[in-house]
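*Asks:* Take this structure first; my questions come after.
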There are 2 protein chains.
Amino acid sequence: MSTREIEFFFDIGSSYSYLAAHVIDALGQRTGTPVRWRPFLLGGVFKATGNDMPARIMAKARYMIVDMDRWAEQYGVPFEINSRFPLVTLRTMRVLAGVELEHPEKVRPMALALFRAMWAEDRDPTSDEVLREAARAGGLDPEATLALADAQPAKDRLRASSDEAVARGAFGAPTMFVGDQMFWGNDRLDHLERFLKKG
Amino acid sequence: MSTREIEFFFDIGSSYSYLAAHVIDALGQRTGTPVRWRPFLLGGVFKATGNDMPARIMAKARYMIVDMDRWAEQYGVPFEINSRFPLVTLRTMRVLAGVELEHPEKVRPMALALFRAMWAEDRDPTSDEVLREAARAGGLDPEATLALADAQPAKDRLRASSDEAVARGAFGAPTMFVGDQMFWGNDRLDHLERFLKKG
């Protein structure tokens, strides 16, 4: 019996996190490994590591659209580039970090609703309206959830999770850990699965 | 019948190009698509696009070693980080561009010998010794091949190929094209294969 788990660090503003979010739980089931959804702030990770958004390079930004379309087709998920991208997701991620503290099992359904708003419906995942809807999708009280955006424990949790990810080697999103083994990007989920199946 | 081909842009100094070099021809055979090996200068592509070496970010550099080890194991190819990395491969790539002009079918065997020296044997692929050996591996005259490093047509060809790749959207290596469809990285060979199999 293994007590291993997959820690899935994600940011709602990251399109490749959106892709990974759609397939990570199935991977966990195939390998008998629980998945822990861990909100972090990609902007903070970039700042701490000196990394930068891939989309800063124009040629890369253009390619990412094509690349995302190919992945979305492969995974069978809807994808539309958000007209607000790149978006400061601090408020959204603080709310999720607050939810993680109080109701960790609700992070996943709430995050999936926010990902959909951001990457399939061209809506603003930092808005009260979308946050309320996502809270309801997670079975949470909308107003209490919204209030987490300004709650100190939620702020502290988000910062601590981002710092922790950096300390463990992260520089981008999504980042998956199994203990000290790190995997970066939805395109490394195959490596993660091979690693887990080796035992 | 298709007249399509895979254009495989690579730089000997790029570890992910090394990985792709080991599997691209098998992909071509599986899909009935000829592969054209096209030397270009990754440093020139970075300069033109404003992109930068992934290894500039310390956390990314550390992860790349782990990531390369995983790929090497998956592909069953030897890998050892070159103690000279990052290396200016201008001389090597000029020679290959010259070979491409005169004996295009010899680029592949010569490049494979150079990739091995760089990424499996910790040798200097810009040295006369390694270049001569690689020329012999390609069935070419060592001294005549070495002389290409200073030949104007070889220099012009390398620059033209790098400029062409950038004009078509490239920003890194390896980059594969099938007409106007671009695929970046050995980790997108699956996408390339799916594309080719769709017809």
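The values are calculated or read from the model by the stated rules, or taken from the named source; none is laboratory data. Worth saying up front: this structure is predicted, and the values here are computed from it rather than measured. So basically every Cβ, Gly included, is an ideal-geometry build from the backbone, and we count neighbours across all protein chains shown. Just the protein is used for accessible areas: all its heavy atoms, side chains included, with ligands, DNA and RNA removed. Shrake-Rupley method; radii C 1.70, N 1.55, O 1.52, S 1.80 Å.
*Asks:* Sort shortest first the distances from B:Glu80 to its counterpart in every other copy, using label points 7 Å along the Cα-to-beta-carbon line, and give them in nm.
*Replies:* Copy-to-copy label distances at B:Glu80, shortest first: 5.4 nm.
*Asks:* Here is a follow-up. For A:Lys155, which inter-copy label distances result when the label point lies 7 Å beyond Cα on the Cα-to-Cβ vector, reported in nm to one decimal and in ascending order?
*Replies:* Distances between equivalent label points, in nm: 6.0.
*Asks:* Quick query: amide H of B:Arg36 versus all other amide H atoms, modeled in the peptide plane; which residues come in under 5 Å with a sequence gap of 5 or more or a different chain?
*Replies:* It is B:Ile6, B:Glu7, B:Phe8, by chain and number.
*Asks:* From the label point of A:Arg194, set 7 Å from Cα along Cα→Cβ, how far away are the matching label points in the other copies, in nm, ordered shortest to longest?
*Replies:* Here the equivalent label points are 1.8 nm apart from this one.
*Asks:* Right, next: On full extension of the chain, what length is gained from B:Val66 through B:Glu121, given 0.36 nm per residue of separation minus the C-alpha to C-alpha distance?
*Replies:* Computed gain between B:Val66 and B:Glu121 is 18.0 nm.
*Asks:* Say R0 is 25 Å: what FRET efficiency, to the nearest 0.05, do B:Glu129 and B:Gln74 get from their beta-carbon distance?
*Replies:* Numbers: r = 31 Å, r/R0 = 1.25.
The pair B:Glu129/B:Gln74 has a calculated efficiency of 0.20.
*Asks:* A further question follows. Using a loss threshold of 10 Å², tell me which positions in the range A:40-57 are less accessible in the complex than in their chain alone. Probe radius 1.4 Å, ligands and nucleic acids ignored.
*Replies:* Correct list: A:Thr49, A:Gly50, A:Asn51, A:Arg56, A:Ile57.
*Asks:* Most fluctuating residue of A:Glu129, A:Glu73, A:Glu100 in a GNM of chain A with Cα springs under 10 Å: which is it?
*Replies:* A:Glu73
*Asks:* Cα atoms only: what Rg and Dmax, in Å, come out for the range A:89-134?
*Replies:* In order Rg, Dmax, the Cα atoms of the range A:89-134 give 9.8, 29 Å.
*Asks:* Something else: On the protein heavy atoms, probe 1.4 angstrom, tell me the percent of accessible surface of the protein assembly as shown carried by carbon and sulfur.
*Replies:* 51
*Asks:* Follow-up. So for chain A, averaging the separation of alpha carbon pairs under 8 Å that are six or more residues apart and normalising by length, what relative contact order in percent results? Spell out each step's value before the answer.
*Replies:* Working: 304 pairs, mean separation 62.3, N = 199.
In percent, rounded to a whole number, it is 31.
*Asks:* If amide hydrogens are placed 1.01 Å from N in the peptide plane, which non-local residues have theirs closer than 5 Å to the one on B:Leu41?
*Replies:* So B:Leu41 has HN proximity to B:Ser162.
*Asks:* Please report how far the C-alpha centroid of the range A:123-159 lies from that of the range B:152-198, rounded to the nearest whole angstrom.
*Replies:* 43
*Asks:* What is the minimum Cβ-to-axis distance for chain B, in whole Å, where the axis maps B onto A, and to which residue does it belong?
*Replies:* So the closest residue, with its distance, comes out as B:Asp187, 2.
*Asks:* While we're here: Dividing the alpha-carbon Rg of the range B:111-190 by 2.2 N^0.38 Å yields what?
*Replies:* For the range B:111-190, the normalised Cα radius of gyration comes out at 1.29.
*Asks:* On to the next question. Accessible area lost on pairing A with B, both sides, 1.4 Å probe, Å² to nearest 100?
*Replies:* 2500
*Asks:* Give the Cα extents of chain A along the principal axes, in whole Å, largest first.
*Replies:* Sorted from largest, the Cα extents of chain A read 45, 44, 34 Å.
*Asks:* Related question: Let me understand the protein assembly as shown better: what is its radius of gyration from the alpha carbons, and its Dmax, in angstrom?
*Replies:* 23.1, 77
*Asks:* Just to confirm, what accessible area per residue do you get for the range A:19-104 at 1.4 Å probe, in whole Å²?
*Replies:* 46
*Asks:* A follow-up question, please. Can you pull a Stokes-Einstein diffusion coefficient for the range A:43-142 at 10 °C (1.306 mPa s), Rh from Kirkwood over Cα pairs, as a whole number of µm²/s?
*Replies:* Stokes-Einstein gives a translational diffusion coefficient of 107 µm²/s.
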